[in-house]
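K.L.:
Pasting in a structure now, in structure tokens, and then I'll have a few things to ask.
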Amino acid sequence: MTSVRLALSLLALLVAAPTLAESYKLGTLQIDQPWARATAPSAPAGGGFLKITNTGAASDRLIAASSPAADIVQVHEMKMDGSVMRMREVEKGLEIPAGGSVALAPGGYHLMMMGLKGPLKQGTSVPVTLVFEKAGKIDVQLSVEGLGATQPSH
Ligand SMILES: [Cu+2]
């Protein structure tokens, strides 16, 4: 009972909190809370995160991404290689299953912005174009959170 009440009050808090990051709709896809982690001045790359929900009856794939803030944007996955965590580009794009959702979050799938043209500064936003195999293109704004942020601050 106590935990239910706690969960409910947390939920109320979340609902009441102002949201900085937006939600976007593209066909049957919904993109929630796009954000990026601030980078140190000399960092060559930065990570972008968001959640993609597919309310449609057919799966789709995130096949490409780009941003004016970076030379290249790739969709990466984290994989254990023995005892070492490595990341690499997702082959053939990231599947968004019909009726399902995929989270790009620290420690897992992420957008890797490589060849940054400048540091990502907290409180700013980074425009990114996402390209889906079926749904097409959409421009989203990643809100930049603090250096060590593991999730959006709001
Ligand atoms: Cu990466």
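K.L.:
Only one residue in SER66, SER23, SER42 is within 16 Å of the ligand (Cβ to nearest atom) and surrounded by fewer than 21 Cβ atoms within 10 Å (Cβ to Cβ). Which one? Break it down into steps so the answer makes sense when it comes.
P.N.:
Details: SER23 fails: within 16 Å of the ligand (Cβ to nearest atom); SER42 fails: within 16 Å of the ligand (Cβ to nearest atom).
One residue alone meets the criteria, SER66.
K.L.:
For segment 147-154, does any single residue satisfy the condition of being assigned to a strand (DSSP E or B) and of a type outside the set (Asp, Glu)?
P.N.:
Pass one, segment 147-154, residues assigned to a strand (DSSP E or B): none.
Scanning segment 147-154 turns up no residue that is assigned to a strand (DSSP E or B) and of a type outside the set (Asp, Glu).
K.L.:
Given (1) more than 15 Å from the chain's Cα centre (by Cα); (2) under 16 Å from PRO127 (Cα atoms); (3) not in a loop (DSSP other than H, G, I, E, B), where does GLN74 come up short, assuming only one miss?
P.N.:
Every listed condition holds for GLN74 apart from (1).
K.L.:
Looking at (1) under 16 Å from GLN30 (Cβ atoms); (2) loosely packed, with under 15 Cβ neighbours inside 10 Å; (3) under 16 Å from the mean Cα position of the chain (by Cα), which is the only condition ALA57 fails?
P.N.:
Of the numbered conditions (1) under 16 Å from GLN30 (Cβ atoms); (2) loosely packed, with under 15 Cβ neighbours inside 10 Å; (3) under 16 Å from the mean Cα position of the chain (by Cα), the odd one out for ALA57 is (3).
K.L.:
Residues of segment 85-98 being more than 10 Å from the ligand (Cβ to nearest atom) and more than 28 Å from GLY136 (Cβ to Cβ), which ones?
P.N.:
Hit for segment 85-98 is MET85, nothing else.
K.L.:
With the condition kept exactly as written, say whether any residue in segment 110-123 is charged (D, E, K, R), more than 13 Å from the chain's Cα centre (by Cα), away from the ligand (no atom under 11 Å from the Cβ) and surrounded by 14 or more Cβ atoms within 10 Å (Cβ to Cβ).
P.N.:
As a first pass, look at segment 110-123 and keep what is charged (D, E, K, R): 117, 121.
Subset that is more than 13 Å from the chain's Cα centre (by Cα): 117, 121.
Then drop every residue that is not away from the ligand (no atom under 11 Å from the Cβ), which leaves 117, 121.
Filter once more, so that each one left must be surrounded by 14 or more Cβ atoms within 10 Å (Cβ to Cβ): none.
No.
K.L.:
Quickly run through segment 101-127 and pick out the residues that are under 11 Å from GLY46 (Cβ atoms) and part of a strand (DSSP E or B).
P.N.:
Across segment 101-127, the qualifying residues are HIS110, LEU111, MET112, MET113, MET114, GLY115, LEU116, VAL126.
K.L.:
Looking at segment 77-90, can you tell me whether even one residue there is at pLDDT 95 or above, aliphatic (A, V, I, L, M) and assigned to a strand (DSSP E or B)?
P.N.:
Taking every residue of segment 77-90 in turn, none turns out to be at pLDDT 95 or above, aliphatic (A, V, I, L, M) and assigned to a strand (DSSP E or B).
K.L.:
The conditions are (1) in contact with a Ser or Thr (Cβ under 6 Å, 6 or more places away or on another chain); (2) part of a strand (DSSP E or B), and ALA98 fails exactly one of them. Which is it?
P.N.:
Result: ALA98 passes all but (2).
K.L.:
Picking from GLY47, GLY56, GLY82, which residue would you name as being farther than 19 Å from ALA135 by Cβ and away from the ligand (no atom under 16 Å from the Cβ)? First the steps, then the outcome.
P.N.:
Numbers: GLY47 fails: away from the ligand (no atom under 16 Å from the Cβ); GLY56 fails: farther than 19 Å from ALA135 by Cβ.
Within the list GLY47, GLY56, GLY82, the selection yields GLY82.
The values are calculated or read from the model by the stated rules, or taken from the named source; none is laboratory data. As the structure is a computational prediction, the values presented were derived from the model and not from experiment. Cβ: placed from backbone, ideal geometry, glycine included. Neighbour counts: every protein chain shown.
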